[in-house]
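Have a look at the structure below before the remarks.
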Amino acid sequence: MESQKNYPMTLRVPFSILEFIDETIEKKLQDGENKSTANRTAVSLEMLKIGARVLKKKNEQGSDQDITFDEKLALIADAVLKSKLQIESMFELSFKNPKEIDSNTINQFGYEAVNNKIKEVDYKISHFFKQK
């Protein structure tokens, strides 16, 4: 087990962070905490520990570092365009009187037509993001 040794440190913080620390202290004091746990040092150390845990977890997971910015854009574009196609076809069919739905309407907005458009979107997105 690691020793719990403390190492003194002096940090200069921007005024905006100092204001946030002071606001946090005020809230803690209003909630009934005593000044030994609600002071600048305690709150700053708490924030530092939380930030260190977040960064450690992020480094362990490596979540966003595996996906490039272009890949993220491609995923977003893919989801948006496919959703748009499906919603358009649903609304187009829902606003039609059932007697008005003929083979032409089904060819334009039916399941197979939407799937073909989705395949076209897949091709266009993969082609566009490969060229960039």
Are there any GluC sites (Glu not before Pro) in segment 1-90 that are in a DSSP loop and have at most 13 other Cβ atoms within 10 Å? List them by number. E2
Starting from the 7 Å offset along Cα-to-Cβ, what nm value, one decimal, do you get for the label separation of L55 and F20? 1.4
Compute the separation of the alpha-carbon centres of segment 60-132 and segment 20-42 and state it in Å as a whole number. 51
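What is the chain's relative contact order, in percent, from Cα pairs under 8 angstrom and six or more apart in sequence? List each step's numbers first, then the result.
Working: 40 pairs, mean separation 25.9, N = 132.
After rounding, I find 20 percent.
Roughly what % of Cα-Cα distances in the chain sit above 25 Å, to the whole percent?
Values: 5325 of 8646 pairs.
Summing the P(r) tail past 25 Å for the chain gives 62 percent.
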With a 10 Å Cβ neighbour count serving as the proxy for reagent exposure, in which order, fewest first, do F91, F20, F15 appear? F15, F91, F20
Using a Cα-Cα cut-off of under 18 Å, which lysines could be cross-linked to K117, ignoring same-chain neighbours fewer than 8 residues away? K82, K84
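Please give the length that would be gained between L75 and D31 if that part of the chain were fully extended, namely 0.36 nm times their separation in residues minus their C-alpha to C-alpha distance (nm, one decimal). Before the final figure, lay out the partial values.
Numbers: separation 44, 0.36 × 44 = 15.84 nm, distance 4.48 nm.
My answer for the length gained is 11.4 nm.
Taken together, the values in this text are just the output of simple stated rules run on the coordinates, not laboratory data. Just so we're clear, the structure is a prediction, and the values are computed from it rather than from any experiment. As a convention, Cβ positions derive from the backbone with ideal geometry for all residues, glycine included, and neighbour counts pool all protein chains shown.
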